[in-house]
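S.K.: Here it is, the structure, as structure tokens.
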Amino acid sequence: MAQPRIIDVGRWSAPGLAVLTYGFRPFFLCGAIYAALGIPVWLLMLIHGVEPLGPFDGLGWHIHEMIFGFLVAIMAGFALTAIPNWTGRLPLSGLPLAGLISLWVIGRLASSFVAAPLPALMLDCAFLFVLALAIWREILAGANHRNIPIAMLFTVMALANLAFHLETGWSLTGPGYAERAALGVAAVMITLIGGRIVPSFTRNWMARLSIEPLPVPFRTFDKAVLLVTAAAMAAWVGWPDGALAGSLLIIAGGLSLVRLMRWRGVTAWKEPIVLILHVGYLWLGLSLVFLGLAALGAGVVASTAVHALTAGAIGTMTLAVMTRASLGHTGRALVADGSTIAIYVLVTFGAVLRVAAPLADSWYLALITAGGLTWSAAFALFAIAYGPLLVMPGPGRT
């Protein structure tokens, strides 16, 4: 995420209201807390056979809340903070931002405690549709046509959430379509946004230290990777066990790994806040290959492939963006301190354990428990270490 323009939101800059000046503040904090709590709650459900009170069973709740609860909160925080930089318009702040975060909270309560399918659907789906409309309005009002694909991805995510409820409550869609569509959006979003920020931030860091050669800039190859990834995820949504999806996913994963090598991430091993972006994108390339092998029945179980994408790529990339954006947009130096490095280590180790769990036979439950708790600890530590930055004004900038 680029450094922000300094925009006057002075009437919301008083202590106690700083959390409502930019979207990243409430959504990063709430998303991190929810991730920190959501995995332990799911593990308790799994181990003790407890079912939630809402419209989903335990596994359905876990899938839904990690995607449409945790992930969309981080996506919202990123988009609502980046879009003003793209359009030059004022950020969504104050009461409208408070209204959006309230809709998100209501959705979480509905998905966990409202058993009736229709009320749960209406209460939960409101947030993403309102968010998508807000993003469309800002991008179109700012004539920022280059980022219309971002608005389209949020729209697909909102429709996927609706489909998840219809699939669960009324069996109106096929099993797994909504989950795969949402994960497809996440993979394409990482390919698109990661393809901008990873080489850009790496280039800035290398140029400052006079390290060469610099990362290869965005070219036709990068467009091809994006198109192949989008096609692969679309095929996976429709035909998850087909040869077409499997082949496209492996090609997309291989191209993503080649793309990553062109960004010269190996040079950033001494700068964790840059290196973690490359680790997140590495997870994406590996997860696409794993998904392809799973689709072809080539020795990778679906759980390993999906969690390489969710716990690995999504978990790592979200924390990479959350830490960097929180520091940069509150006027702090873009340097990873001890807590930040610990966050990166925890999320990486937790993802590795979760991905490896299906290979552990009798140790499966122990590994997913250890991996889940380690992964969620990364987000708990983010909430503890970065919470004060998010709720109070930063030095010289709101």
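The values are calculated or read from the model by the stated rules, or taken from the named source; none is laboratory data. This structure is a prediction, so every number in the text was calculated from the model and none was measured. Using ideal geometry, Cβ is built from the backbone for each residue, glycine included, and neighbour counts are taken over all protein chains shown.
S.K.: Report yes if Glu271 is charged (D, E, K, R) and either touching a residue at least 24 places away in the same chain (Cβ under 8 Å) or outside the structural domain of Ile343 (by TED's automatic domain parsing) (or both), otherwise no.
M.R.: Values: charged (D, E, K, R): yes; either touching a residue at least 24 places away in the same chain (Cβ under 8 Å) or outside the structural domain of Ile343 (by TED's automatic domain parsing) (or both): yes.
So Glu271 fits the description; yes.
S.K.: Something else about it: When only residues in the range 225-272 that are within 20 Å of Thr202 (Cα to Cα) and among the aromatic types (Phe, Trp, Tyr) count, which is surrounded by the fewest Cβ atoms within 10 Å (Cβ to Cβ)?
M.R.: Result: Trp269.
S.K.: Here is a follow-up. Please state which of the following conditions Leu53 fails to meet, knowing it meets all the rest: (1) buried (at least 24 other Cβ atoms within 10 Å of the Cβ); (2) farther than 22 Å from Leu373 by Cβ.
M.R.: Of (1) buried (at least 24 other Cβ atoms within 10 Å of the Cβ); (2) farther than 22 Å from Leu373 by Cβ, only one is false for Leu53: (1).
S.K.: Moving to a separate point now. For the range 193-204, indicate whether the set of residues that are within 18 Å of Ile314 (Cβ to Cβ), in a helix (DSSP H, G or I), free of Cβ contacts under 8 Å to residues at least 40 places away in the same chain and assigned by TED's automatic domain parsing to the domain that holds Leu277 is non-empty.
M.R.: yes
S.K.: Also, quick follow-up: Looking at Ala143, Ala160, Ala120, which is the one that is on the phi > 0 side of the Ramachandran plot and either at pLDDT below 95 or of a type in the set (Gly, Ala, Ser) (or both)?
M.R.: Working: Ala160 fails: on the phi > 0 side of the Ramachandran plot; Ala120 fails: on the phi > 0 side of the Ramachandran plot.
Step by step, each of Ala143, Ala160, Ala120 is checked, and only Ala143 is on the phi > 0 side of the Ramachandran plot and either at pLDDT below 95 or of a type in the set (Gly, Ala, Ser) (or both).
S.K.: Among the residues of the range 345-359, are any part of a loop (DSSP other than H, G, I, E, B), of a type outside the set (Asp, Glu) and modelled with pLDDT under 95? Can you show your working first?
M.R.: Step one: list which residues in the range 345-359 are part of a loop (DSSP other than H, G, I, E, B), which gives none.
Within the range 345-359, not a single residue is part of a loop (DSSP other than H, G, I, E, B), of a type outside the set (Asp, Glu) and modelled with pLDDT under 95.
S.K.: Filter the range 15-53 for residues that are of a type in the set (A, V, I, L, M) and within 18 Å of Leu365 (Cβ to Cβ) and give the result. I'd like the intermediate steps shown before the answer.
M.R.: As a first pass, look at the range 15-53 and keep what is of a type in the set (A, V, I, L, M): 17-20, 29, 32-33, 35-37, 39, 41, 43-47, 50, 53.
Passing the criteria: Ile39, Val41, Leu43, Leu44, Met45, Leu46, Ile47, Val50.
S.K.: Next question. State all residues of the range 360-398 that are hydroxyl-bearing (Ser, Thr, Tyr) and either part of a helix (DSSP H, G or I) or within 20 Å of Leu277 (Cβ to Cβ) (or both); if no residue qualifies, say none.
M.R.: Ser362, Tyr364, Thr369, Thr374, Ser376, Tyr386, listed by residue number.
S.K.: Moving to a separate point now. Answer with yes or no whether Leu80 is assigned to a helix (DSSP H, G or I), surrounded by 20 or more Cβ atoms within 10 Å (Cβ to Cβ) and either within 20 Å of the chain's Cα centre (by Cα) or not polar (S, T, N, Q) (or both). Don't jump to the end; show me each part of the working.
M.R.: Values: assigned to a helix (DSSP H, G or I): yes; surrounded by 20 or more Cβ atoms within 10 Å (Cβ to Cβ): yes; either within 20 Å of the chain's Cα centre (by Cα) or not polar (S, T, N, Q) (or both): yes.
For Leu80, the condition - assigned to a helix (DSSP H, G or I), surrounded by 20 or more Cβ atoms within 10 Å (Cβ to Cβ) and either within 20 Å of the chain's Cα centre (by Cα) or not polar (S, T, N, Q) (or both) - is met.
S.K.: If Ala115 passes every condition in (1) in contact (Cβ under 8 Å) with a residue 40 or more places away in the chain; (2) assigned to a helix (DSSP H, G or I); (3) surrounded by fewer than 20 Cβ atoms within 10 Å (Cβ to Cβ); (4) of a type outside the set (Ser, Thr, Tyr) but one, which one does it miss?
M.R.: Checking Ala115 against (1) in contact (Cβ under 8 Å) with a residue 40 or more places away in the chain; (2) assigned to a helix (DSSP H, G or I); (3) surrounded by fewer than 20 Cβ atoms within 10 Å (Cβ to Cβ); (4) of a type outside the set (Ser, Thr, Tyr), the one that fails is (2).
S.K.: I'd like the full set of residues that are under 20 Å from the mean Cα position of the chain (by Cα) and closer than 16 Å to Ile193 by Cβ, limited to the range 132-152. Break it down into steps so the answer makes sense when it comes.
M.R.: If we filter the range 132-152 for residues that are under 20 Å from the mean Cα position of the chain (by Cα), which is where we start, we get 132-136, 147-152.
Selection gives Ile135, Asn147, Ile148, Pro149, Ile150, Ala151, Met152.
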